[in-house]
Amino acid sequence: MNKKICIVYTHHKLGDLIWQLPYIKAISEYYNQSVDLILREKTQAKKILKNEKYINNINYNNFRKGIFYWIDVWKLVQIYNQNKYSHVYILDKVNKPAIAAKIAGIKNIIGPGIGNQKKYLTTDIFLNDDDWKLNYSEQSKKLLKLHKVNLNNPYPQLDFDTKEFNQRNSDLLLNGRKIAFGVDSFEDYKMWYEEDFVKLAELLHKKNMFDYVYLVCGPDKSHIAKKIIKISKKNYFIDCSKKDLTGVITAIKNSQFYVGNNSGPLNLSAALGVESFGLIVNDAISELKYSKIQFITPKNYKDNTWIRDRKNMKTLTPDTVFNFIENRVK
């Protein structure tokens, strides 16, 4: 029987998906064939993963709760049946894709098995309940190890031909040297303050390190980019808040380096091979240990500590960030 592999990941954050790419690729290499994915539409995976040869097809499912729970289960059953998968790998502990695979009669249902999910798997090889304390990347790494799937490279990488994206976002391709600031985050407590980004830009500009700065943020946080531009009174900022993911990728790939909060675009930048500096204050560096991000932290920073107060971001000063970058940028 020919094998046909589907991998399901239910989290909506772009950064979380990027962290799963090494494990998706490892499963593809294990079976020596490209795989299908089922992901949330919010990840915009069809745009960012279109060039990855180890991925065959991507289906979207929004993995909703409440009255939509069983509607989404039925959608999953339909996707499974239409594609006749022999194996379904689930890279998180959500029950829904496992229940749907059971209903569809999938012969091989593999997942972390944390909590009730183990009831719907077809294997007795799974993580123990204490492993819920591990981050998502560590859970996937352990799951693959238990199933003898070799992980050749734990670092997320994206293969990208940006020619099409550049054409769609030609207004971003100004002459001169560009850098990018990632100024928002899904969690507000991870966001550096607007005035600190302004001060950092001033310090970098005095050293003649850029001509323009892309301000990368989502449309729902466009006020952050606008505030930076307003208080700076400089014309070197480029507001990217109205750009979709193709515009964000265009800005990042055309930057000499990226500086930003711990969020999806920071992980995206590192995966795209752009020199990336992460402003880490209120969360753990250990979660990002398989990243090529260069971490900038305040004095007396303690790893594996989570602080849910944005005011603590003030402990990382623009001078500290500037000195770190100046010493490392070629």
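The values are calculated or read from the model by the stated rules, or taken from the named source; none is laboratory data. Please read all numbers here as calculations on a predicted model, not as lab measurements. Cβ coordinates were reconstructed from backbone atoms using ideal geometry, including for glycine residues, and neighbour counts include every protein chain displayed. Side chains included, ligands, DNA and RNA excluded: accessible areas come from the protein's heavy atoms. Shrake-Rupley method; radii C 1.70, N 1.55, O 1.52, S 1.80 Å.
Values for this structure:
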quantity: Rg(Cα)/(2.2 N^0.38 Å) for the range 89-208, N = residue count; calculated: 1.64
quantity: Length-normalised contact order of the chain in % [C-alpha pairs under 8 Å, at least 6 apart]; calculated: 15
quantity: Environment charge of S232, counting only residues whose C-beta is closer than 13 Å and scoring Lys/Arg +1, Asp/Glu -1; calculated: +1
quantity: Accessible surface of the chain [probe 1.4 Å, protein heavy atoms]: carbon and sulfur percent; calculated: 48
quantity: Environment charge of H11, counting only residues whose C-beta is closer than 10 Å and scoring Lys/Arg +1, Asp/Glu -1; calculated: +1
quantity: For the chain, built as a Gaussian network whose Cα springs stay under 10 Å, the top-fluctuating residue of V216, V248, V198; calculated: V198
quantity: Residue-span extension gain [K50 to F68] - 0.36 nm each, minus C-alpha spacing; calculated: 3.6 nm
quantity: Qualifying trypsin sites (Lys or Arg not before Pro) for the range 83-149 [loop in DSSP, other Cβ within 10 Å: at most 12]; calculated: K84, K107, K148
quantity: Heavy-atom accessible area per residue - the chain, 1.4 Å, Å²; calculated: 48
quantity: Principal axis dimensions, largest first and in whole angstrom, of the chain by Cα; calculated: 64, 45, 41
quantity: Distant-in-sequence amide H partners of I55 (H built 1.01 Å from N, under 5 Å); calculated: V35
quantity: Phi to ³J(HN,Hα) by Karplus 6.51 cos²θ - 1.76 cosθ + 1.60 over the range 128-143, Hz, x for Gly, Pro; calculated: 8, 5, 5, 6, 5, 6, 6, 6, 4, 5, 5, 4, 5, 4, 5, 4
quantity: MRE, 222 nm, helices only [DSSP H, n ≥ 4, -39500 (n - 2.57), over the chain, to nearest 500]; calculated: -10500 deg cm²/dmol
quantity: GNM flexibility winner over the chain from G278, G66, G182 (Cα, springs under 10 Å); calculated: G66
quantity: Shape category assigned to the range 31-153 from the gyration tensor of Cα positions, a/c cut at 1.5; calculated: rounded
quantity: Volume per residue that the Cα convex hull of the range 208-271 spans, once the total is divided by residue count, Å³; calculated: 90
quantity: Estimated vicinal HN-Hα couplings, Hz - the range 270-279 in sequence order (Karplus 6.51, -1.76, 1.60; Gly, Pro = x); calculated: 4, 5, 7, x, 8, 4, 10, 10, x, 8
quantity: Computed label-point distance, nm, for sites I103 and Q157 using a 7 Å Cα→Cβ extension; calculated: 4.0
quantity: Per-residue ³J(HN,Hα) for the range 6-23, Karplus 6.51 cos²θ - 1.76 cosθ + 1.60, θ = phi - 60°, Hz, x for Gly and Pro; calculated: 10, 10, 10, 9, 9, 6, 8, 6, 4, x, 4, 5, 4, 5, 8, 4, x, 7
quantity: Fully extended contour minus Cα-Cα distance, from S86 to R177, at 0.36 nm per residue; calculated: 27.8 nm
quantity: Lysine pair number, Cα distance threshold 19 Å (strictly under), the range 224-286, separation 8 or more or different chains; calculated: 8
quantity: Rounded FRET efficiency, nearest 0.05, which uses the C-beta distance separating W306 from N327 and R0 of 35 Å; calculated: 0.80
quantity: Extension gain (nm, one decimal) between K145 and N208, 0.36 nm per residue minus Cα-Cα; calculated: 17.9 nm
quantity: Relative contact order %, the range 201-330, counting alpha carbon pairs below 8 Å whose residues are six or more apart; calculated: 17
